[in-house]
1. Relative to the longest principal axis of the C-alpha atoms of the chain, give the angle of the C-alpha long axis of helix 32-44, reported between 0 and 90° and rounded to the nearest 10°.
2. On a 0 to 90° scale, report how tilted helix 60-72 is relative to the longest principal axis of the chain, with both axes built from alpha carbons and the result rounded to the nearest 10.
3. Could you please state, rounded to a whole Å, how far the C-alpha centre of the stretch 34-96 is from the C-alpha centre of the stretch 106-125?
4. Give me log10 I(q)/I(0) at q = 0.21, 0.23 Å⁻¹ for the stretch 1-45, Debye formula, one equal scatterer per alpha-carbon, no solvent.
5. Per q in 0.11, 0.17, 0.18 Å⁻¹, report the Debye log10 I(q)/I(0) for the chain, using one uniform scatterer on each alpha carbon and no solvent.
6. Just from its helices, what would the mean residue ellipticity at 222 nm be for the chain, if runs of 4 or more DSSP H residues each count -39500 (n - 2.57) and the sum is divided by every residue, rounded to the nearest 500 deg cm²/dmol?
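Read-outs: derived from the displayed coordinates by stated rules, not from any lab. Quick caveat, the model's predicted, so the values are computed rather than measured.
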């Protein structure tokens, strides 16, 4: 028996199809998890490795391995914490910022092309939904901060 559509169910189904599609069409040489780390560093600045692991829902050893690879690729840099000399912070390197920017530009171009194939009414409906989606994202991010 199929469940009745709700906004949450419809949004979930759309995102389950859209997110992997965008990832595959705008993929580069960096893994999706590495891109997520780059994005978090761009938004948050310098972050402890343990915070990166928590945000990506991976173990600290797995994040350490990923950061090691990213550092070798000049995507991130490690810094000693000013507050705790034993602590290590991870920061976005210039090359990482460039890689992230290039991926975004590929994604923007792709979305502009795809949106251009839609009727004007569909483009207007998507544009009208963007502020509400932004507020939803902000709500989820704030809730996540409260749980941490």
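1. The two axes meet at around 80 degrees.
2. 80 degrees
3. Centre-to-centre (Cα) distance: 34 Å.
4. -0.79, -0.85
5. So the normalised log intensities are -0.56, -1.14, -1.22.
6. When only DSSP H runs of four or more count, the value is -23500 deg cm²/dmol.
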